[in-house]
């Protein structure tokens, strides 16, 4: 994944988004997708670590720009069972010690209990994503159910931070806080960060 270019992302969570609801409603979606994923939420890290399509999928925060936009880079898409070096990489992203009792390959079912002992919570997430293109940016309005709790998230992303900011403003979202997926899910499920 070395040739992957990081993208600037803006995202928020809530139940209603005022004028943005009408503006999104007036657009023709590019596609609608539904998925079931498992997010691994750590009190020690806000890394974006999830299992999607039977792959361990990690995005890491590269930087937070002066405008508050976050730049994220995909760093892993690995099949299960995970090799020991992949297990160590996941644990490093989550900010927890890596289990030493595993053999050469680790299934998700083997991995979850020792992560839970380290405070990592596996959260079942269902998403219904409606995807759009806005001012050259990828955008989505997504209904999320996480551990039975519902929320909506809106996201706009691009390799060009100025385009993201322009699209956020043009959609009437400038007054909403930028909140990453891990932070939004932690808030939704009542998981506090370590102080």
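The values are calculated or read from the model by the stated rules, or taken from the named source; none is laboratory data. These numbers were taken from a predicted model, which means no experiment stands behind them. Neighbour counts run over all protein chains shown; Cβ positions are idealised from the backbone, glycine included.
Can you say whether residue 24 is outside any loop (DSSP other than H, G, I, E, B) and either closer than 30 Å to residue 174 by Cα or without any contact (Cβ under 8 Å) to a residue 24 or more places away in the chain (or both), as far as the supplied structure shows? So residue 24 passes the test. Set side by side, the residues 116, 167, 124 differ, and just one is in contact with a strand residue (DSSP E or B) (Cβ under 9 Å, 6 or more places away or on another chain) and part of a strand (DSSP E or B), which is 124.
The set of residues in region 3-17 being part of a loop (DSSP other than H, G, I, E, B) and surrounded by 15 or more Cβ atoms within 10 Å (Cβ to Cβ) consists of 6, 17.
Rundown of residues vs (1) surrounded by fewer than 15 Cβ atoms within 10 Å (Cβ to Cβ); (2) modelled with pLDDT of 95 or more; (3) in a helix (DSSP H, G or I); (4) on the phi > 0 side of the Ramachandran plot, yes/no style:
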site: 93; (1), (2), (3), (4): no, yes, yes, no
site: 97; (1), (2), (3), (4): yes, no, no, no
site: 141; (1), (2), (3), (4): no, yes, no, no
site: 144; (1), (2), (3), (4): no, yes, no, no
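The rows are residues; the columns are (1) without any contact (Cβ under 8 Å) to a residue 60 or more places away in the chain; (2) surrounded by fewer than 19 Cβ atoms within 10 Å (Cβ to Cβ); (3) over 19 Å from residue 37 (Cβ atoms).
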{"position": "105", "(1), (2), (3)": "yes, yes, yes"}
{"position": "112", "(1), (2), (3)": "yes, yes, no"}
{"position": "119", "(1), (2), (3)": "no, yes, yes"}
{"position": "127", "(1), (2), (3)": "no, yes, no"}
{"position": "136", "(1), (2), (3)": "yes, yes, yes"}
{"position": "147", "(1), (2), (3)": "yes, yes, no"}
{"position": "153", "(1), (2), (3)": "no, no, no"}
{"position": "165", "(1), (2), (3)": "no, no, yes"}
{"position": "191", "(1), (2), (3)": "no, yes, no"}
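The residue of region 39-66 that is surrounded by the fewest Cβ atoms within 10 Å (Cβ to Cβ), among those that are in contact with a strand residue (DSSP E or B) (Cβ under 9 Å, 6 or more places away or on another chain) and assigned to a loop (DSSP other than H, G, I, E, B), is 54. Can you find even one residue in region 31-38 that is part of a loop (DSSP other than H, G, I, E, B) and in contact (Cβ under 8 Å) with a residue 24 or more places away in the chain? Within region 31-38, not a single residue is part of a loop (DSSP other than H, G, I, E, B) and in contact (Cβ under 8 Å) with a residue 24 or more places away in the chain. Contact annotation: residue pairs with Cβ atoms under 6 Å, 6 or more positions apart or on different chains, pairing a residue in region 7-21 that is over 10 Å from residue 152 (Cα atoms) with a partner that is exposed (fewer than 15 other Cβ atoms within 10 Å of the Cβ) and at pLDDT 95 or above, are 7/159.
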